[in-house]
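Working notes, beginning with the structure itself.
The values are calculated or read from the model by the stated rules, or taken from the named source; none is laboratory data. It should be emphasised that the depicted structure is a prediction, and the values quoted were computed from it without experimental measurement. Note that each Cβ is placed from the backbone with ideal geometry, even for glycine, and that neighbours are counted across all protein chains shown. Areas reflect the complete protein model, heavy atoms only, side chains present, ligands, DNA and RNA absent. Shrake-Rupley method; radii C 1.70, N 1.55, O 1.52, S 1.80 Å.
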Amino acid sequence: MLEVSSTEITFDNVDGNMKPFKLDIRNTTHQFIGYKIKSTKPDIFQVKPIKGILSSQQKQVVEFSVLPEYQLADAKQYVDAKFQIQVIKVQENLSLNDLDFKFKTETKQDSIKLLTSVYKQENGKKTLVQNDKMTSSIYRNIEKSKSEVKTNPEQELVQKIFQQDKEITELKIQREQIFNKTQQPKSNPSKISQILKPVVFGVILSLVYQYYQK
């Protein structure tokens with residue numbers, strides 16, 4: 001329903017001042033939609049316009065900025081801030097006041113989450129500001145995921161099934177090889193007897209002839 005130019009709000013901290021970030025949003029439907037932006041730290045950030053109504057394919061530039069009283073604050077407190085854009089279908093002539101009521105009383109059709117990043121520029125270098133608590137939390141989640149993967153019984157069962165299937169395939173191949181060896185063509189006794197019969201008969205006639213010549 002709503003297309004955004006970025007899912008990350010990026011602030012550049014230049015000499016202690018946080019530069020505003022502009023986000024492009026667009027209504028991708030053929031209907032009117034209303035949007036409303038919420039923040040986990042509304043006392044620090046200012047969003048303009050924080051809500052609005054967009055016609056089909058209409059674009060809107062939304063500006064995210066830090067309030068003047070927080071400009072010189074530690075940049076780390078901005079890093080874990082999150083924004084959410086809620087979207088709902090509306091009528092063409094709906095007012096902004098009615099839009100607030102509609103968001104409170106009706107189910108939202110779409111929701112887009114936005115994360116926040118802060119880059120600090122000093123001496124011509126641009127570095128990413130990290131929140132120590134957030135970094136350690138991410139590290140713990142990664143380690144937890146690794147341990148869950150190692151001890152996941154479902155994955156172990158799948159691996160065993162694959163191994164057993166491989167062993168069964170190898171046994172089938174060995175059985176076919178043995179069967180093929182046992183089915184190799186052997187000498188036909190009937191053919192051998194047909195060849196030996198004239199020879200034996202000839203020998204017998206020869207012996208009989210020699211007996212009567214004596």
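Here are some notes:
- Checking LYS102, LYS82 one by one, the residue that is of a type outside the set (Ser, Thr, Tyr) and more than 24 Å from PRO20 (Cβ to Cβ) is LYS102 and no other.
- Residue list for the stretch 110-123, filter: closer than 10 Å to GLN86 by Cβ and surrounded by fewer than 16 Cβ atoms within 10 Å (Cβ to Cβ): ASP110, SER111
- Only one of the numbered conditions (1) modelled with pLDDT of 65 or more; (2) under 22 Å from the mean Cα position of the chain (by Cα) is not met by THR127, and that is (2).
- Answer residue from the stretch 82-113, given it is part of a strand (DSSP E or B) and among the aliphatic types (A, V, I, L, M) and is nearest to LYS41 (Cα to Cα) among those: ILE85
Yes/no matrix, rows are residues, columns are (1) touching a residue at least 12 places away in the same chain (Cβ under 8 Å); (2) open to solvent by 60 Å² or more (accessible area, probe 1.4 Å); (3) not in a loop (DSSP other than H, G, I, E, B):
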position: GLU3; (1), (2), (3): yes, yes, yes
position: PHE11; (1), (2), (3): yes, no, yes
position: MET18; (1), (2), (3): yes, no, yes
position: ILE25; (1), (2), (3): yes, no, yes
position: THR29; (1), (2), (3): yes, no, no
position: GLY34; (1), (2), (3): yes, no, yes
position: ILE37; (1), (2), (3): yes, no, yes
position: GLN46; (1), (2), (3): yes, yes, yes
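- Only one of ILE85, ILE53 that is at pLDDT 90 or above and under 30 Å from the mean Cα position of the chain (by Cα): ILE85
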